[in-house]
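K.L.:
Sending over a structure as structure tokens; questions will come in a sec.
Just so you know, all these numbers are worked out from the coordinates, no wet-lab data involved. Small disclaimer: the values here were computed from a predicted structure and weren't measured. Here the Cβ is made from the backbone with ideal geometry for all residues, glycine too, and neighbour counts use every protein chain on show.
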Amino acid sequence: MQDNTSGTLNIQNNFGEGALLLSVSSDNINCCDQPTAGEEFSVQPNEPYALTVLKTSGHGCNGNQGQFSLDVILSDTAIAQISFSFDSDANINITNQTGKCEGVFTPSPEGGGLLVLVQAQTNTATATATATSK
């Protein structure tokens, strides 16, 4: 059995309107040891939050991607959901986005992993992105 590599997904709030509450949805979570369903965390503007991701080994998950979704909550209102998938090496993708914001991958300025910016939607289409989160 392959040992999985944990990765760090750095999440930055680019709304500038106060803290975002991010909640790991109990829907669309599969083969995912970290994060766990129901986990919630607050992300202050322009202060990245480090979220550890770790795929489940065995239990029917070998050869399958880990999956989880983050519900994005601003001022007590759910405004979006961003879904991710990742492999045993912590390579992560944005697989779906719904609502009034978008997640955009960019290199972390500190060089310590992957940074996903959560921000208001732009007028450009957002492509699915793949990057290594380690």
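K.L.:
Specify the residue that is surrounded by the fewest Cβ atoms within 10 Å (Cβ to Cβ); the eligible residues are those in the range 38-77 that are in a strand (DSSP E or B) and more than 16 Å from the chain's Cα centre (by Cα).
P.N.:
Taking the candidates together, the pick is Thr77.
K.L.:
It is to be established whether one or more residues within the range 78-95 are in a loop (DSSP other than H, G, I, E, B), over 15 Å from Leu22 (Cα atoms) and within 12 Å of the chain's Cα centre (by Cα).
P.N.:
yes
K.L.:
Continuing with this model, one more query. Please go through the range 19-28 and pick out each residue that is more than 12 Å from the chain's Cα centre (by Cα) and either of a type in the set (D, E, K, R) or not in a strand (DSSP E or B) (or both).
P.N.:
The answer is Ala19, Ser26, Asp27, Asn28.
K.L.:
For the subset of the range 21-37 comprising residues that are surrounded by fewer than 14 Cβ atoms within 10 Å (Cβ to Cβ) and hydroxyl-bearing (Ser, Thr, Tyr), which member is nearest to Ile92 (Cα to Cα)?
P.N.:
That would be Thr36.
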